Every structure is written in C-alpha cells, then in structure tokens.
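Remarks on the structure that follows.
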C-alpha cells in the first residue's frame, strides 16, 4: 500500500514538473497578475464579478483571483510563496496582520506604486477611519478593499414575539439587558444576545467606541507598542456584565472568529453585535424582520468611534515593471466610486471614498436599504481620537487569540474578569516584547 | 534465507533512488530545517533571523500554556487509545463469531476508516453543534442540561474523544479481527477441554495471544491521536473553549501558522519529533520480541 502511495506521489511530481514546462508557452499577450484572496460564498462570487468587470473593461491586463482559504491560510501561503519567490502580485491581508506586513519589508507601498505609475488618486477623499488603519506616517501602504465596522443587529420578529416594542434598537447595555431578558424568558428564543469576533467587537471596538486606549503608543500608531491596556475598568465592567448574563442565559457565547454570525443570520439571536458585512447576507436571505443600530454604550465614558475590520490589499515586491502597471490599473479601477458603490451595495462592506458615498446618497440606495446606512451614521456621529485610529500591534493575531481564550475562561467562571484580563495582558505583553525585539 | 543478487553494483541504488529522493526532499530536509529554525527567532517573512540558542525550548518548558497543551495531549490520547482499543476489541470479537449477515457487519464497522478526519469532524459538528445539532437538541430536551461545548470544556473533550475514537475504529477492528483469526483453533479447543469458557477463555487465552496486535495498535493509536487528529480539532473546536482542546500538535499549528511565530513553532515540532522517534523505537523493539505470551 505504501509503495502505491509513493508511486502516485512520483507520478504527480512528474506531472507537476512537466506542466511547469508547458504552461508558460501557452501565455497570452496580456499582462497577467494574480490576486490571492480569502472570500467564499456570496462575497467570493462578488470578488469574481469585480475581477471579471475589470478584465472585460480593457484588453491589456488580466487579473486572476485565487481563493486561498481563510485569512491566516492566505497569509501563510503568501509568506511561503514569498520565500520561494513564487508569490502573487496582490494579497489580501486581514486588518490585524497590518503591522506584520509593514515590518516585513516585502511590501511595495500602494501610495508609492501609484506615484511611480503616475496614477492620481485623491487619497484625501478616503473615509478617515479606513485610511488611518492602513496608513503609516500619513501614507497609505495598502489598498483598503473590504472594510467593515461593528454594528448592532436586532431581530424584530423575535422581540415582538417576546412582547417587546421593537421600533428602535437598544442603544445601551442596560437596554440590551431588558430586551434580551424578555426574549429569553418569554421563550421566544434561547439566545438573547451574542457577538461575533469576540475580541474585535468587545475589546478592540468597545475601547475605541468609549475612547479608551487598547495599547500604549496610541494603540501602536505612534511607535511599536509594548503594553496592552485592556485590563482596565471598561473591560472589567463589560466582562462582569457578560459573565453574569451568560449565567442567567441572557448572553450566549457563540465561539471565536465569525462563528457568532450564524445565530444572527439564522434568526436565533434576538440581539447581536457583528460586522457590517452581514447586512448584505441578511438582506438577501433573512426570513424575519430585522434592524440595525449603533454599538451599545456603557455609561460614564466619553464618545469615541468604532474601528474598522476586514482586510486590505498589499502589493508584493519582486515583480516586473509591466506587472506593476497592471496592478496599479487594477487598484485604480477598484478605487473608482462606481465600483466602490457596487461593492458596498452587494456586500454591505463600506465604500472607501467619500465620492462613492456621495454617489450612493444621490440615489435612493440608503432610503431603500436603511441598514446599509447605519455604519456611516455611526462612524460620522463618532469622535475621532488617538484611540479610534485602529489597533496596530505586532503579533496581534496571537494576541487576539489569547484574549478570546481568556474571555472563554471568564465566561465559564474559571477565572474572574480581573484575573482573566490580567492574564490576557501578561501574555499579550510577552508577544509584543517578542515582536519588538525583532524589529528594534 | 535467500538473497537476491544484482549483477550491477549500482542497479539496486538506482532502483531505490526515487524513493530515497522523495523521503529526503519531503521528510529529512524539512525535518532538519525545522530543527535549525528551532534555534532562531524568525520574523514572519523570514527576512530577520536572530540566533537565540535554546531560548525557544526554555520558553516552552517554563510556559504554563505549553504545559497545558502537553497535559491535554496525554489526556486526549490516553482516552482515545483506551476507548478505541476496548470498543474495537469488543466489536471485533462480535464480528469474529458465526452470525448471519456477517459481511455486512464487518463492512459496517470498517468503513469509518475511509473517512478523512476533517470530514468526520464536520459530521460530528453537524450532530453536536450547540445551535443546530440534532443530538444536543435531543439531549438538552431529555436532561435539561446545555451541552454547549463552545463554553464547556469537558463537553468539548468528550466530543473530540468520541469523534476521534469513532474515526479510528475501523482500523482497530480490522487489526483485531485479523489477530483473532490467527489464533489457532486447537489452542482454543484445548482450553475448552480444560474447562475454560467465556470470560476466562478470553482473559487467559485470547488476550495474551492478541498482545502483539494490541501493542501495535496501542502505539498506532497514540500516534494517531497525537498527530492525525489535527483536522478533527481544526474543524470542530479550533482548540477551544479556552485552550481545553489545544493539544501539542494544534498549538504548534497555532503558533506557527496563525501567530507566525516560526521559531517557537519549530521548537515544538522538534519536541514532537523526539516523541515520535521514541514511540517508533518502542514499537520496533517490542514488536520484534513478539511481546510475551
């Protein structure tokens, strides 16, 4: 059996190498560039659409979009490819890996690419919370692609069933308490309140939203951060509240990453906090009445703003001049107001420029889809401070993983909020120290 | 013993060269490279490498998270191996009897081995999911207890142990069945004549005669549950809740591929490598001595 397997491996290897010899000879006259991305399902299909639109809009360049798995998988694949010098021109990178990319030395900054190719893009017109996240010293390093922010979702059908007036979304945690409790005790549903991306919604966004720092050095925007600040009163109050709610059955923890999306989309959760990217899916699939609102507030903190999530497109070093021309043309295409408007309307992600926003406002798009307006209303009503630029930390993926693990320990009463948060900070600081020692 | 003799001295080497090449390129080279990397602190893109000596290993040995992943690995592997061997021995003994529809039963217990771990993970995920799983729903209805393994560590461990045991059941049953069929009928008959029956026959005749197979399966199950259950854990719990289902191989993945801490991850795979070598040596030494009976 073993030899059969090995024979197969050898056969595959031979096939692979011969195909390497054959492929280049069948090339087109078009300049071809490759883009690795991490979208499946509805959004994955829209990625195909936007690439097809670009390819048919001109005849010189061709973009090939390749799905490479989840965000971490795409990044790992890109790193392995970069080390083997077989990397694509463009990779989509999750927002929290931004510092990793900036420090990597493998990136051709987008602002520089555009000025080298003499393509003028009005960066000043980009929406500030989006631009700040991907800029370094005022220059945009990667092309914002799918930007979202955290908003509140509420299921009107469930809340009405619970005998609760569902004419407006709950705006504070006290109001969530009442509504979620009513939904659960009335037997309308088992999930009163849940969240997706626990660290992003409850820690990163809640700190920015209440104008509290997440880490030192302005969350890493002023220099390499070395200290997390999340074992503060805000987190403690929040985690105390949630673990009490979890015990009472009002809050249901749905798991890490995007797992919390499911109960919201399925209509099981009465109230949820998740990415704006759910608006598109809910609009297409929901068989119940739903609405959106601003992130809920805790009393006693000044108003900040929500921060973005999602991913941006990094251009990689080490390719030919004509390929960079193609990349620049493609990014220019993506930044056009009509493409941005289309992308937003199809997916619920934020358009990145004010021009696109104005174009959308000129139509009846937001009147027809008020839930697509919520994120903008939230961002423009918020106050931008040093705490709302985003979170730029090295090893942030590992830090986030640590935070979510400690949240699970707190919610199951294995640790008190204080203990869990202190442990998350301790582990996080160690990771920050490790990153800083490498890039001193 | 008959020796095959080649006319040319180089022919045998030429014949095994492709196989050797595959082994060297896909096994030895990466293994050596990860041993080398375990002595460095490496930036994600590999552009910066700082030699840190054994610091990665020291860091692991004093890290409570790593201790927990080792503990979880042994709890998990122990449970999977014990449960897997008992259940499959039981099933194999049943399938070794003369009953009607035997080919059907034999096939039924064997085919789980044909399912890839991530696929079996997804199947169990569907059955046990806290929000849409049919079994959690039924269990909660009967027991009034929330079997939410997203939050309850022990439920998550039980779920993963059950799924891993189930996935490997076919393999175990296959070997036990083969082992049972090699037991000479004369020995069994002799024991029967001496008055042994049922349990005592099983305890004093069948079990000792099966011991080489059992030992082989013990090693294989340990290796399987240490390494090959990655797909299962990745599909179902992703190491959570907290880190209750983060076993060593999953922590190696998390540190290396999610957190991009390559040096630390390489050090962990070096430790895992040592463990496999130990288990393999154990297996070769003892299966050659035929264990004992």
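The values are calculated or read from the model by the stated rules, or taken from the named source; none is laboratory data. Note that the coordinates shown come from a computational prediction; the quantities given were computed from them, not determined experimentally. Glycine also receives a Cβ, built like all others from the backbone with ideal geometry; neighbour counts cover every protein chain displayed.
Looking at B:51, B:28 in this structure, which one is without any contact (Cβ under 8 Å) to a residue 40 or more places away in the chain, under 20 Å from residue B:276 (Cα atoms) and more than 11 Å from every other protein chain (Cβ to nearest Cβ)? First the steps, then the outcome.
Values: B:51 fails: under 20 Å from residue B:276 (Cα atoms).
Going through B:51, B:28 in turn, the sole match is B:28.
Only one residue in B:187, B:236 is buried (at least 19 other Cβ atoms within 10 Å of the Cβ) and either touching a helix residue (DSSP H, G or I) at 6+ places or on another chain (Cβ under 7 Å) or without any contact (Cβ under 8 Å) to a residue 12 or more places away in the chain (or both). Which one?
Among B:187, B:236, only B:236 is buried (at least 19 other Cβ atoms within 10 Å of the Cβ) and either touching a helix residue (DSSP H, G or I) at 6+ places or on another chain (Cβ under 7 Å) or without any contact (Cβ under 8 Å) to a residue 12 or more places away in the chain (or both).
With respect to the numbered conditions (1) under 20 Å from residue A:305 (Cα atoms); (2) in contact (Cβ under 8 Å) with a residue 60 or more places away in the chain; (3) not assigned by TED's automatic domain parsing to the domain that holds residue A:202, which one is the sole condition not fulfilled by residue A:153?
(3)
Taking the stated definitions as given, is residue B:75 surrounded by 14 or more Cβ atoms within 10 Å (Cβ to Cβ), over 30 Å from residue A:74 (Cβ atoms) and either touching a helix residue (DSSP H, G or I) at 6+ places or on another chain (Cβ under 6 Å) or away from chain A (no Cβ under 13 Å) (or both)?
For residue B:75, the condition - surrounded by 14 or more Cβ atoms within 10 Å (Cβ to Cβ), over 30 Å from residue A:74 (Cβ atoms) and either touching a helix residue (DSSP H, G or I) at 6+ places or on another chain (Cβ under 6 Å) or away from chain A (no Cβ under 13 Å) (or both) - is met.
Within the range A:103-123, can you find the residues that are more than 14 Å from chain B (Cβ to nearest Cβ), part of a loop (DSSP other than H, G, I, E, B) and under 25 Å from residue A:224 (Cβ atoms)?
Residue satisfying the conditions is A:109 alone.
Which of the helices (runs of 4 or more DSSP H) found entirely inside the range B:184-235 contain at least 2 residues meeting this: under 28 Å from residue B:76 (Cβ atoms)?
B:207-223
Which one of these is surrounded by fewer than 17 Cβ atoms within 10 Å (Cβ to Cβ) and touching a strand residue (DSSP E or B) at 6+ places or on another chain (Cβ under 9 Å): A:125, A:177?
Only one candidate passes the filter, namely A:125.
If we keep just the residues of the range A:81-102 that are touching a residue at least 40 places away in the same chain (Cβ under 8 Å) and more than 20 Å from the chain's Cα centre (by Cα), which is farthest from the other protein chains (Cβ to nearest Cβ)?
Per the criteria, the residue is A:89.
Restricting to the range A:355-369, name every residue that is without any contact (Cβ under 8 Å) to a residue 60 or more places away in the chain and part of a helix (DSSP H, G or I).
A:356, A:358, A:359, A:360, A:361, A:362, A:365, A:366, A:367, A:368
Can you tell me which residues in the range B:221-231 are more than 8 Å from the chain's Cα centre (by Cα) and modelled with pLDDT under 85?
Within the range B:221-231, just B:231 meets the criteria.
Do you know which residues across the range A:379-396 are within 22 Å of residue A:100 (Cβ to Cβ) and part of a loop (DSSP other than H, G, I, E, B)?
Residues satisfying the conditions are A:389, A:390, A:391, A:392, A:393, A:394, A:395.
Can you pull out the residues in the range A:181-201 that are surrounded by fewer than 21 Cβ atoms within 10 Å (Cβ to Cβ) and away from chain B (no Cβ under 13 Å)?
Correct list: A:181, A:182, A:185, A:186, A:187, A:188.
Residues that are touching a residue at least 40 places away in the same chain (Cβ under 8 Å) and either farther than 30 Å from residue A:53 by Cβ or in the same structural domain as residue A:249 (by TED's automatic domain parsing) (or both): list the helices (runs of 4 or more DSSP H) wholly contained in the range A:266-351 that include at least 1 such residues. Lay out the reasoning, then the answer.
Working: elements: A:278-285, A:321-335, A:337-347.
Where helices (runs of 4 or more DSSP H) fall fully within the range A:266-351 and carry at least 1 residues being touching a residue at least 40 places away in the same chain (Cβ under 8 Å) and either farther than 30 Å from residue A:53 by Cβ or in the same structural domain as residue A:249 (by TED's automatic domain parsing) (or both), they are A:278-285.
Among the residues of the range B:163-175, are any more than 19 Å from the chain's Cα centre (by Cα) and closer than 29 Å to residue B:223 by Cβ?
Pass one, the range B:163-175, residues more than 19 Å from the chain's Cα centre (by Cα): none.
No: zero hits.
One line per residue, one yes/no per condition, for (1) out of contact with any helix residue (DSSP H, G or I) (no Cβ under 7 Å at 6 or more places or on another chain); (2) modelled with pLDDT under 85:
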{"residue": "B:46", "(1), (2)": "no, yes"}
{"residue": "B:88", "(1), (2)": "no, no"}
{"residue": "B:133", "(1), (2)": "no, yes"}
{"residue": "B:136", "(1), (2)": "no, yes"}
{"residue": "B:140", "(1), (2)": "yes, yes"}
{"residue": "B:144", "(1), (2)": "yes, yes"}
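If you take the residues in the range A:243-265 that are away from every other protein chain (no Cβ under 12 Å) and touching a residue at least 12 places away in the same chain (Cβ under 8 Å), which one is surrounded by the most Cβ atoms within 10 Å (Cβ to Cβ)?
Filtering first and then ranking leaves A:250.
Quick one: in the range A:69-80, of everything that is surrounded by fewer than 21 Cβ atoms within 10 Å (Cβ to Cβ) and farther than 18 Å from residue A:200 by Cβ, which residue is nearest to the other protein chains (Cβ to nearest Cβ)?
Per the stated criteria, the residue is A:76.
Give the residue, chosen from A:223, A:272, that is in contact with a helix residue (DSSP H, G or I) (Cβ under 6 Å, 6 or more places away or on another chain) and modelled with pLDDT of 95 or more. Before the answer, list the steps.
Working: A:223 fails: modelled with pLDDT of 95 or more.
When all the criteria are applied, what remains is A:272.
Can you tell me which residue within the range A:412-440, out of those that are in a helix (DSSP H, G or I), touching a helix residue (DSSP H, G or I) at 6+ places or on another chain (Cβ under 6 Å) and free of Cβ contacts under 8 Å to residues at least 60 places away in the same chain, is farthest from the other protein chains (Cβ to nearest Cβ)?
Looking at residues that are in a helix (DSSP H, G or I), touching a helix residue (DSSP H, G or I) at 6+ places or on another chain (Cβ under 6 Å) and free of Cβ contacts under 8 Å to residues at least 60 places away in the same chain, I get A:423.
Within the range A:370-393, can one find any residue that is within 14 Å of another protein chain (Cβ to nearest Cβ), touching a strand residue (DSSP E or B) at 6+ places or on another chain (Cβ under 8 Å) and over 22 Å from residue A:278 (Cα atoms)?
Yes, the range A:370-393 has at least one match.
Which of the residues that make up the range B:34-56 are closer than 30 Å to residue A:102 by Cβ and in a helix (DSSP H, G or I)?
B:34, B:36, B:37, B:55, B:56 - these are the residues of the range B:34-56 that are closer than 30 Å to residue A:102 by Cβ and in a helix (DSSP H, G or I).
Restricting to the range B:241-253, and then to whatever is within 7 Å of chain A (Cβ to nearest Cβ) and surrounded by fewer than 24 Cβ atoms within 10 Å (Cβ to Cβ), can you tell me which residue is modelled with the lowest pLDDT? Walk me through how you get there before you give the answer.
Going residue by residue through the range B:241-253, those that are within 7 Å of chain A (Cβ to nearest Cβ) are B:241-243.
If we keep only those that are surrounded by fewer than 24 Cβ atoms within 10 Å (Cβ to Cβ) too, we end up with B:242-243.
Details: B:242: 75, B:243: 82.
My answer is B:242.
Condition first: over 24 Å from residue A:348 (Cβ atoms) and outside any helix (DSSP H, G or I). Can you find one or more residues in the range A:72-85 that meet it?
Yes, that holds for at least one residue.
Could you please find all residues in the range A:267-282 being under 21 Å from the mean Cα position of the chain (by Cα) and within 14 Å of chain B (Cβ to nearest Cβ)?
Across the range A:267-282, the qualifying residue is only A:272.
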